[in-house]
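The block underneath contains the structure these notes are about, expressed in structure tokens.
Quick note: the coordinates plus some simple rules give every number you see, no bench work behind them. Just so we're clear, the structure is a prediction, and the values are computed from it rather than from any experiment. Neighbour counts are summed over all protein chains in view; Cβ atoms, including those assigned to glycine, are modelled from backbone coordinates with ideal geometry.
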Amino acid sequence: MLDDYDVGELDVLVFGGMVPAETKEYLKAEIGRRNAGITVLQGLVGIPGVLAAQVDAATRENESAVEVEYDEAERIIRVTLPDDVRVTVEALWMTSWTPPEPTTTSSTVFDGELVAGSHDIALPERVPTEGSFAVVRAGDEVRAFAVGPMPKALARMVPKSASDHRLPEVASVTTREDLG
């Protein structure tokens, strides 16, 4: 990666949970040395909608009084708004954890205008209690967070080091074309 891309041109780098800790630390240090302005995020999960929301949230510069809390016991997302605003809540979850190509799905939980104040939005039963996430958009604010813990079996799949090859091989992908 360091030889294939000009990391000085990157704005955001998101690490997946299957990247070994020593590899993350090495890459963060090396990329930070080459690009002090980069924002480095730990991805919550390999679900594209969650990752996109994390990047969206990290790259917004506005300060907001919007508050988002999650009550895991009640499975309620509480959104507190300073003003009337459009709010969307999307739940996303894995349908298969089989690497290297897990599958996902999502469901819109709420989409509408809300007045200033505190609002409770319940997660429906169709949203699993394990390995699930929510993305809340309130006006210009974006929040992404876990609503169900990752399965314990998944934790056993995480490589402990760069030389730990417990995951299946992933096919090579060409992300740029050599025009030379």
Item to check | For the stretch 64-155, the Rg and Dmax computed from alpha carbons only, in angstrom | outcome: 14.1, 44
Checklist entry - Each residue of the stretch 63-78 in turn: what ³J(HN,Hα) in whole Hz from Karplus with 6.51, -1.76, 1.60 and θ = phi - 60°, glycine and Pro shown as x? => result 8, 9, 8, 5, 10, 10, 10, 10, 9, 5, 5, 8, 6, 10, 9, 9
Item to check | Total charge dipole magnitude, the chain, about the Cα centre, Cβ charges on Lys, Arg, Asp, Glu only, Debye to nearest 20 | outcome: 660 debye
Item to check | Where trypsin sites (Lys or Arg not before Pro) fall in DSSP loop in the stretch 62-104, at most 10 other Cβ within 10 Å | outcome: none
Item to check | Among ALA91, ALA65, ALA144: highest mean-square fluctuation, GNM of the chain, C-alpha pairs under 10 Å | outcome: ALA65
Item to check | Distance histogram in 5 Å bins (all Cα pairs of the chain, percent per bin) | outcome: 1, 7, 14, 16, 17, 15, 12, 9, 6, 2, 1, 0
Checklist outcome for this item: Taking every DSSP bridge whose two residues both lie in the chain, the antiparallel percent to the nearest 5 is 90 percent
Item to check | Formal net charge of residues neighbouring VAL115 (Cβ-Cβ distance under 10 Å; K, R +1; D, E -1) | outcome: -3
Item to check | Per DSSP, loop chymotrypsin sites (Phe, Trp or Tyr not before Pro) in the stretch 63-168 with at most 15 further Cβ within 10 Å | outcome: TRP97
Checklist outcome for this item: For the chain, the longest principal axis of the Cα atoms and the Cα long axis of helix 21-34 enclose an angle in degrees, to the nearest 10, of 80 degrees
Next on the checklist: Multiplying the sequence separation of GLU125 and LYS152 by 0.36 nm and subtracting their Cα-Cα distance, what value in nm do you get?
Outcome noted: 7.6 nm
Checklist outcome for this item: Expressed in nanometres to one decimal, the distance between label points 7 Å along Cα→Cβ at THR98 and ALA116 is 5.3 nm
Checklist entry - So what are the ³J(HN,Hα) numbers for the stretch 44-60, from phi and the Karplus equation (6.51, -1.76, 1.60; θ = phi - 60°), rounded to whole Hz, Gly and Pro as x? => result 6, 6, x, 9, x, x, 6, 4, 4, 5, 4, 5, 4, 4, 6, 9, 7
Checklist outcome for this item: Comparing LEU81, LEU51, LEU154 in a Gaussian network model of the chain (Cα, 10 Å), the one with the largest mean-square fluctuation is LEU154
